[in-house]
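The values are calculated or read from the model by the stated rules, or taken from the named source; none is laboratory data. Since the structure is predicted, the reported quantities are computational estimates derived from the model, not experimental observations. Reconstructed Cβ throughout: ideal geometry from the backbone, glycine too, with neighbour counts over all protein chains shown. We work out accessible area using only protein heavy atoms, side chains counted, and drop any ligands, DNA or RNA first. Shrake-Rupley method; radii C 1.70, N 1.55, O 1.52, S 1.80 Å.
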Amino acid sequence: MKLATSSQMRELDRRAVCDRGIPSIDLMERAAAHVAEAALELLAVRPGRARISVLCGVGNNGGDGIAAARLLFLRGTRVRAFLVGSYGKLTPDAMEETRRLSECGVELESFDPGSQEQGEWIAASHVLVDALFGVGLSRAVAPELDFAAAIGMMNRSRGKVVAADLASGVEADTGRVLGCAVKADRTITFTLPKIGQFVGEGVLLSGEVEVREIGIPGDLVREMVCPVQTVGRDFAGMAVPPRKPDGHKGDFGELLIVGGAVGYTGAPDLAASAAVRSGCGLVNLGVPDSIWEIEASRCVSAMPFPLTSWWGGGLRGTAFPAIMKKLERCDVLAIGPGLGRNEDSARLVRRVLERTEKPVVLDADGINALEGHIDSLDTRRGRITILTPHDVEFARIGGDLSAQDRVGAARTFAQAHGCILVLKGHRTVTATPSGNILVNTTGNSGLAKGGSGDVLTGIIASLLAQGATAVQAAACGVWIHGRAGDLAARRMTAYCMTPEDVISHLPEVFREIAGE
């Protein structure tokens, strides 16, 4: 599903009005009809007994709200519309909607944050319509302005909140909060969903997002190139090719996983188990000889083998020849799960990265090995490298999240270093060297546990070894991981589910993808 920026939406509106001759007031009326319908659907009482507050800004988003107030009045609700801002700044279309509202006997009232009577009405409203700002908001909502007071009143009200196009205070392109923001129960967005409704704090503030058509010609929407998209089941299926009925284990890829250290024996086992469960034909697991017996006793389907370790229990640099020898017959290398942080292991990671031509999935302490040595990653430009950092690991290797723009930060890093970046977190973002972004929509807080990242690494590496493209393996692996987590949470709750439970629910996900 395409996710649009604010500038793209403005361009769509401009082309519809200027190039195709569609009256802008008609677009506003259709948008208002959808907002009014959503408000009515949220009512827990009959329309004749309902109190509805519509808080409007001076722009066209405010015009949507003014028109929605008229439509709600005509449906028999007790509705009041409040203008936050100056009448003199209303757009022409918003002014026309104000005239139409007045013809019905309802006046657009000036919002007064100090009015006890207005405050009591808003607080007691069954439904509130947020029409303060649209996608154009780019500055912080100053706390001393009436807009901040209006947002606060909506958030404190006991009624349900419907946002018109975008929850006010959320930045359309990043999902960050600009000072303060409305917490909507439902957002009716127009033509295309916005990036900020699927990433950052905007995910939590948008509530249920519904996309409604308002008359923008479909060919204009189809022509628009959106470098940011969501990942769905259909896309995930692209990474899971049909298995050959007469295939043998060599037909489904061979993977080498390198990781583990004393005290971190679970991580490599989880990665290997997830890789096997995701369909990889052969999974080799290279671990320090200090923990090899533990891994050998755990692994049934994967094939663990010992590598030289230093006295503290981590991999030594002398393991390099054995890793490279094993890698000769493998299709993909995954390195990092449970590796531990020591300089000898870090040097080993960087040396392997620089020398191998094979696709690499780099996770956990494999990523940390790049701290201060990002040139080792840069040497792999043109080769497949997938990094799966969380925010802290991302910052260690130079990622900049100071602007609270996860999409922009991930894109900048992937383009600068020629890699595929899987920036983990709520709504994990996958960025490609070409600048395209894929936003995941599966997963839950039950995945916020040690070991979940190791499972993800195993899934991504497994898909890559089986022939998926690097982008497919990364983005679809994230979707599959999150979907398995959702199924596990449904059965065991987010509190009680474990990474092992996620692995055990992978078969259900693969059945869904196959349409079974």
(request) Run Thr265 past the list (1) free of Cβ contacts under 8 Å to residues at least 24 places away in the same chain; (2) among the polar types (S, T, N, Q); (3) in contact with a helix residue (DSSP H, G or I) (Cβ under 6 Å, 6 or more places away or on another chain) and report the number of the one that doesn't hold. (result) (1)
(request) Give Val199, Val141 a once-over and let me know the one that is modelled with pLDDT of 95 or more and not basic (Lys, Arg). (result) Val199
(message) Just to verify a result, which residue in the stretch 319-344, among those that are in a helix (DSSP H, G or I) and open to solvent by less than 10 Å² (accessible area, probe 1.4 Å), is nearest to Ile384 (Cα to Cα)?
(response) Leu327
(request) Quick one: in the stretch 117-144, of everything that is charged (D, E, K, R) and in contact with a Leu (Cβ under 7 Å, 6 or more places away or on another chain), which residue is surrounded by the fewest Cβ atoms within 10 Å (Cβ to Cβ)? (result) Arg139
(request) Return yes when Ala448 is surrounded by fewer than 24 Cβ atoms within 10 Å (Cβ to Cβ), in contact with a Gly (Cβ under 6 Å, 6 or more places away or on another chain) and either under 18 Å from Val258 (Cα atoms) or among the small types (Gly, Ala, Ser) (or both) and no when it is not. (result) no
(request) Scan the stretch 131-144 and report the pairs whose first residue is assigned to a strand (DSSP E or B) and whose second residue is surrounded by 14 or more Cβ atoms within 10 Å (Cβ to Cβ) and of a type in the set (Gly, Ala, Ser), with Cβ atoms within less than 6 Å and a gap of 6+ or a chain change. (result) Ala131/Gly62; Ala131/Gly65; Ala131/Ala164
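What about Ile214, is it over 20 Å from Asn444 (Cα atoms), in contact with a His (Cβ under 9 Å, 6 or more places away or on another chain) and not in a strand (DSSP E or B)?
Numbers: over 20 Å from Asn444 (Cα atoms): yes; in contact with a His (Cβ under 9 Å, 6 or more places away or on another chain): yes; not in a strand (DSSP E or B): yes.
For Ile214, the condition - over 20 Å from Asn444 (Cα atoms), in contact with a His (Cβ under 9 Å, 6 or more places away or on another chain) and not in a strand (DSSP E or B) - is met.
Of the residues in the stretch 34-91, how many are part of a helix (DSSP H, G or I), open to solvent by 10 Å² or more (accessible area, probe 1.4 Å) and of a type in the set (A, V, I, L, M)?
3
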(request) Just need a number here: residues in the stretch 195-233 that are under 24 Å from Leu27 (Cβ atoms) and either crowded, with 20+ Cβ neighbours inside 10 Å or not charged (D, E, K, R) (or both). (result) 20
(message) The conditions are (1) open to solvent by 50 Å² or more (accessible area, probe 1.4 Å); (2) assigned to a helix (DSSP H, G or I), and Ala403 fails exactly one of them. Which is it?
(response) (2)
